[in-house]
Amino acid sequence: MRATIESITGRYMRLDHKGREHRIYFEEAGQGIPLVCLHTAGSDGRQFRGILNDPRITRDYRVIAFDLPWHGKSSPPAGWQEGDYQLTSADYTDIILTVCRALELDRPVAMGCSIGGRIALHLAMEHAEEFRAIIGLQSSAHVHPYYDTTWLHHPDVHGGEVCAAIAAGLVGPNAPDVHRWETVWHYMQGGPGIFKGDLYFYKVDGDIRHRLSEIDTSRCPLYLLTGEYDYSCSPSDTLETAACIPGATVSIMPGLGHFPMSEDPEGFIAHLLPVLSEIAHR
């Protein structure tokens, strides 16, 4: 039997974040301009498997996808059992910058989806000088609540399955079955209360509608790509956000949903390659 060995390398790093030691898992592939990938709420870096395995990208980019603390293969810090997990803008920003500095990345490109797309706007606004460019996937300044998040961590329901059910509806209708169900599977594996804790940032703490005008795209180019079928961060949400940011480049991706890089890697990469080429030749 022959096996295909992927070129992705996975490792752990130990670092201090907010005065607590963390063990962070990350995967990488390729060489060149660092491209730091930020996963969605309640999931992990496996969502970027298509990006990490695409030689058209890894020829010019060192792709890095890390699991946030409490997610995927990154453990919670010691003492996690003494409180609830709740992601804030400050903590989210700090862990991204801490990881980039620990890996000694020289002005990387940051690309995030959903909550990652929201924090991408924070990075563009507050830390433009540290990044070569920002790519926001399913990115908007605010999302109106459209379901009761208490059910995401409730004794009467299976946490993994209810989180996966929320995610399943957000996948685009044209997604290949193999990628659709792998995306949903990742949500079934999230830790108790983690998806809910991430949504505190997404729906409450991370609202920056009143600050969008502070983003200066002359300091750091900003690209916004949103799937046509996303009803969490809808195309209109992204277009409204882009309209408040002079110089932002926006594209609505036909046929794709809320998890473009995971639900349909090939379909998404067709939209991403021109953006990466433009960044590389700036």
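The values are calculated or read from the model by the stated rules, or taken from the named source; none is laboratory data. Worth saying up front: this structure is predicted, and the values here are computed from it rather than measured. Backbone-built Cβ (ideal geometry, glycine too); neighbour counts: all protein chains shown. Ligands, DNA and RNA are excluded from the accessible area calculation, which covers all protein heavy atoms including side chains. Shrake-Rupley method; radii C 1.70, N 1.55, O 1.52, S 1.80 Å.
Considering only the range 11-41, state which residues are more than 15 Å from TYR61 (Cα to Cα), open to solvent by 40 Å² or more (accessible area, probe 1.4 Å) and either assigned to a strand (DSSP E or B) or not basic (Lys, Arg) (or both).
Of all residues in the range 11-41, those more than 15 Å from TYR61 (Cα to Cα) come to 11-26, 38-41.
Restricting the remaining residues to those that are open to solvent by 40 Å² or more (accessible area, probe 1.4 Å) gives 11-12, 14, 16, 18-21, 23.
Within the range 11-41, ARG11, TYR12, ARG14, ASP16, GLY19, ARG20, GLU21, ARG23 meet the criteria.
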Legend entry - Selection from the range 215-232 of residues that are at pLDDT 95 or above, polar (S, T, N, Q) and open to solvent by less than 60 Å² (accessible area, probe 1.4 Å): THR217, THR226
Inset, instruction - Scan the range 200-211 for residues that are open to solvent by 10 Å² or more (accessible area, probe 1.4 Å) and touching a helix residue (DSSP H, G or I) at 6+ places or on another chain (Cβ under 8 Å) and jot them down. - result: LYS203, ASP205, ARG211
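Taking the conditions exactly as written (part of a loop (DSSP other than H, G, I, E, B), in contact with a strand residue (DSSP E or B) (Cβ under 6 Å, 6 or more places away or on another chain) and over 29 Å from ASP230 (Cβ atoms)), does PRO69 satisfy them or not?
Values: part of a loop (DSSP other than H, G, I, E, B): yes; in contact with a strand residue (DSSP E or B) (Cβ under 6 Å, 6 or more places away or on another chain): yes; over 29 Å from ASP230 (Cβ atoms): no.
For PRO69, the condition - part of a loop (DSSP other than H, G, I, E, B), in contact with a strand residue (DSSP E or B) (Cβ under 6 Å, 6 or more places away or on another chain) and over 29 Å from ASP230 (Cβ atoms) - is not met.
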Legend entry - Filter result for HIS186 (in a loop (DSSP other than H, G, I, E, B) and either open to solvent by less than 40 Å² (accessible area, probe 1.4 Å) or within 25 Å of SER75 (Cβ to Cβ) (or both)): no
Inset, instruction - Enumerate the pairs (first residue in the range 140-165 and on the phi < 0 side of the Ramachandran plot and crowded, with 18+ Cβ neighbours inside 10 Å; second residue anywhere and of a type in the set (A, V, I, L, M) and assigned to a loop (DSSP other than H, G, I, E, B)) with beta-carbon separation below 6 Å, excluding pairs fewer than 6 apart on the same chain, so at least 6 apart or on different chains. - result: ALA141/ILE208
